[in-house]
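One structure is given below, encoded as structure tokens.
Rule-based calculations on the coordinates, nothing more; no lab input. Everything numeric in this text was worked out from a predicted model, so none of it was measured. Cβ placement follows ideal geometry from the backbone for every residue including glycine, while neighbour counts extend to all protein chains displayed.
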Amino acid sequence: MNKIRPVPRHHADGLDTNTTDASSAGLTRRKTLLGLAVGGATVALSGSLLGCATPSDESEASSSEDGSSVDFDLAVAAPGASSVYPFALPALGFAHDAIEAVVDARTMEIHHGKHHQGYTNKLNAALEGNAEVQGKSLLTLLSGLQDLPDSVRTAVRNNGGGYLNHSLFWPLLAPGGGTSPEGGLAAAIDEQFGSVDGFRETFATQAKGLFGSGWAWLSADSTGALQITRYANQDTPLSSGLKPVLGIDVWEHAYYLKYQNRRGDYVNNFLDTVNWSQASANFAA
Ligand SMILES: [Fe+2]
């Protein structure tokens, strides 16, 4: 199990909410408060305008505000996922056409074999010749982006994040059809969202509303409290001190051949196909 040191969780001051936009180390944000009607209730959101920060941004380089950290075990990732350099493309775990009703085989073939392979190759290329960074685990790299040399930080953030996000994403798809949350995760969802349907409605709203390319994640903090967090590009919950539980890739490469501009249909079908046993294992990892 890997102990990771988080960087600050970026949420609006004084908000009591389990939904937020997030950014990882090296980002700054200007906070705006938005109101969103979800399931008849109004949930306060932390909207963000993200921009690149300089490496000397001390406010982004400290640990989380409560000094806590989360544990996460990469063993829950797709079979063959690497924890250290050199990184290898993990197995998809099912045939390209196994979830045809949700995502077509051609998309799965390209997504896994080209995009995920691309992140893998570029991550390895970035670390090639840098023995010091090669010796660090992927979780250490992603949770300590601010500690990396300038020469590799952006590449690790983008390609390391892409490598990890996709390695966690494939096992969250259930070729045999969606299941139900189990154990501690089931209880936490009921406590924080009222029901699985309540979670689903909030998560879908966040995933559909994410501007541009990125991910929506159900994550857990060091106390096990859940929150739904949106990330631009290939940023990961780990980089903001959160444990990834259930994520959806809303880059167009994940769905465009089948859905074109209908991201909402893709999100809804994904939620019908969640491998909640995997999500429950992630929560417990
Ligand atoms: Fe992707």
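Using the scaling law 2.2 N^0.38 Å as the reference, what is the normalised Cα Rg of the stretch 79-172?
Against the compact-globule rule of thumb, the ratio is 1.14.
May I ask for the Kirkwood hydrodynamic radius of the stretch 127-233, worked out over all distinct Cα pairs and given in angstroms to one decimal?
It works out to 16.1 Å.
Starting from the Cα coordinates of the stretch 197-279, work out the convex hull volume and express it per residue in Å³.
Spread over its residues, the Cα hull of the stretch 197-279 gives 91 Å³ apiece.
Could you give the distance between the Cα centres of the stretch 87-151 and the stretch 191-237, to the whole Å?
A separation of 22 Å, based on Cα centres.
If we sort 116-124, 85-93, 212-220 on the protection proxy, mean other Cβ atoms within 10 Å, highest first, what's the order?
Order by mean packing, descending: 212-220, 116-124, 85-93.
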